[in-house]
Amino acid sequence: MKIVLFNPSRTLSSDGSRLISALLKRAGHSVKSVFLSRSASLMYSPDELRQLNDILCDTELAMMAVYSSYVHRAIQVTNFIHTEYPGMQVIWGGPHCISVPELSIRHADGICFSEGDQAIIEFVNKMEANIDYFNTPNMAFKKNGSYLKNESLPPFADLDSLPFYDYELDDHFLLDNGLFPMTKEILQKRHAYYPYNIPTFFYQTSRGCPNKCTYCNNSRYIKIFGHNPLRFIGVDRVIHELEHTLNHLDFFELLFFGDDDFFMRPQNQLEEFAEKYKKKIDLPFIIAISANTYQKEKMEILLDAGLKCIQMGVQSGSQRVLDDVFKRKVSVKKTKEAVSQIEPYQKTHDLDLLLDFIIDNPYESRDDVIQTYNYLVDLHLKTIANIFYLAFFPGTPLYEKALEDGFIEPYREKTDTFKFSTREGIRVRYQKNYELFLILLLRRLRLQSIGHQSPWGKYIPKFVFRAIASKPVRAFASIFPESFYVYLCQKINK
């Protein structure tokens, strides 16, 4: 079957669409991938969309990997296909469909609302053979004006049996002010990701997450499966795929392992991984961990293999927010203990530490916000603080709570876009106050000091940062209107 697979995400990193493409090709189908990767504008002009005709003219099926932040782009391309090619089926999958299948099916002819490893192949094979496919598990369809949702399969366990992610460039295209064949040069340029802005290869060696955070769409898997089981790709299989892909794309300078918690692997597997990775791959790499699984022994195993950076979620300096709002079973005390053990390695092993924090949360009091600020004040200057703005995504428990409590309105597809949870400057919505301004000011000074743009963050004593957050200063600052702090936050973010 001839299939075009669209990826509306801003990035070109390895994600589910590349795996689905590889699965379809292994099953004997012809797949062309179109990446809608760009950051300048979310939407496409009619002239740009018409360039897709060169690919769609001999296509039998269109598929779309949809993220909530880019759902409007997916809707636009889907509407174009339905208008220009009546009768062509457009099937959606990806995080947005998992989180809110009832919203996704409004636009697509069918959706995959769970893991697609088995379901998509069964669906396409049935469609090609002209067999009734409306009973395909893990999928939902429009049928005779109604919504038909099928049963869910158990979590896919045999990750080693999956094909390598599809990085074959011959049938890949980029739509960005023109439709261009994908090249190594394009990939190299568009893989220069944060935090080092060098060509970075993303790869995930496991599925599942031990946390049940209310703001994350991982919570949807708990609704589907009853839990979010951890499953690992074998070490040899990981090394084999990395060798294969990096020999083909030899410009990558860094690996970012996208596992929710790399330290969930047993120590003996980390030892095996470190030995084989250093011998056969030997590139610096980044991992994400949790304070709950942090062990100095595990970290030291990976340091000699090329561990360059550790990313860890703190999210809030307030234990009340972690417990009652985010339902995140990680203590502030434990994250501080992990940070205090990791920070010395910044000097001895040139190890970088990235800590994630979430701000602009309507469920935080000003005292909660100042606890996050004080946490940031205590960090070593070289520690990088990732400041994210809270985003409410439909399908998550926190979205439902915020909707019930009146902080947000139901999502309106024609007028609303999903708020990006990014490090970019975004107009604050909830914490329009001095305390949030202090966090953004401190982040600005820290980043400037790390980048050697300004010495102020480096030489201002900590007691000064404590003083400007004291109760008398905060009380005085509260006399100024919210609009004043919105203005300051916008200025400090530029």
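The values are calculated or read from the model by the stated rules, or taken from the named source; none is laboratory data. Every value quoted in this text rests on a predicted model; they were computed, and no experiment measured them. Neighbour counts run over all protein chains shown; Cβ positions are idealised from the backbone, glycine included. Just so you know, the surface numbers come from the protein's heavy atoms only, side chains and all, with ligands and any DNA or RNA stripped out. Shrake-Rupley method; radii C 1.70, N 1.55, O 1.52, S 1.80 Å.
Okay, here's what the table says:
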read-out	value
Accessible surface, per residue, of the chain when the full set of protein chains is kept, probe 1.4 Å, Å²	44 Å²
K333/D170 FRET efficiency (R0 35 Å; Cβ-Cβ; nearest 0.05)	0.05
Inter-site label distance for E297 and F407 at 7 Å from Cα along Cβ, in nm	4.0 nm
Distance in nm between pseudo-label sites at Q448 and K2 (7 Å out along the Cβ direction from Cα)	5.8 nm
Mean Cβ neighbour count within 10 Å, used as a protection proxy, ranking 320-327, 248-255, 156-163 highest first	320-327, 248-255, 156-163
Whole-Hz ³J(HN,Hα) from phi, Karplus 6.51 cos²θ - 1.76 cosθ + 1.60, for the stretch 141-158, glycine and proline x	9, 8, 9, 6, x, 10, 10, 10, 10, 8, 5, 9, 7, x, x, 6, 9, 8
Calculated FRET efficiency for the pair R320/A475, C-beta based, R₀ 25 Å, to 0.05	0.70
Greater than 19 Å apart at Cα, pairs in K296/K333; K276/K347; K336/K382; K32/K184	K276/K347
Principal-axis tilt of helix 267-280 within the chain, Cα atoms, nearest 10 degrees	70 degrees
Carbon + sulfur, % of accessible area of the chain - ligands and nucleic acids excluded, 1.4 Å	52 percent
D_trans [Stokes-Einstein, Kirkwood Rh over alpha-carbon pairs] for the stretch 88-237, 20 °C, 1.002 mPa s, µm² s⁻¹	119 µm²/s
Note, ³J(HN,Hα) from phi for the stretch 359-375, Karplus 6.51, -1.76, 1.60, rounded to Hz, x at Gly and Pro	10, 6, 10, x, 8, 8, 7, 5, 5, 4, 4, 5, 5, 5, 4, 5, 4
Paramagnetic label zone (point 7 Å from Cα along Cα-to-C-beta, K223; backbone N under 18 Å) in the stretch 128-152	138-141, 147-152
Interatomic Cα distance distribution for the stretch 210-254, bins of 5 angstrom, percent	5, 17, 16, 12, 9, 15, 17, 9, 0
Peptide ranges 185-198, 385-398 listed from the most packed, as the mean C-beta count within 10 angstrom indicates	385-398, 185-198
Pairwise FRET efficiency - V464 versus Y147, Cβ, R0 = 56 Å, nearest 0.05	0.40
Over the stretch 76-134: Kirkwood hydrodynamic radius from C-alpha pairwise inverse distances, Å	12.2 Å
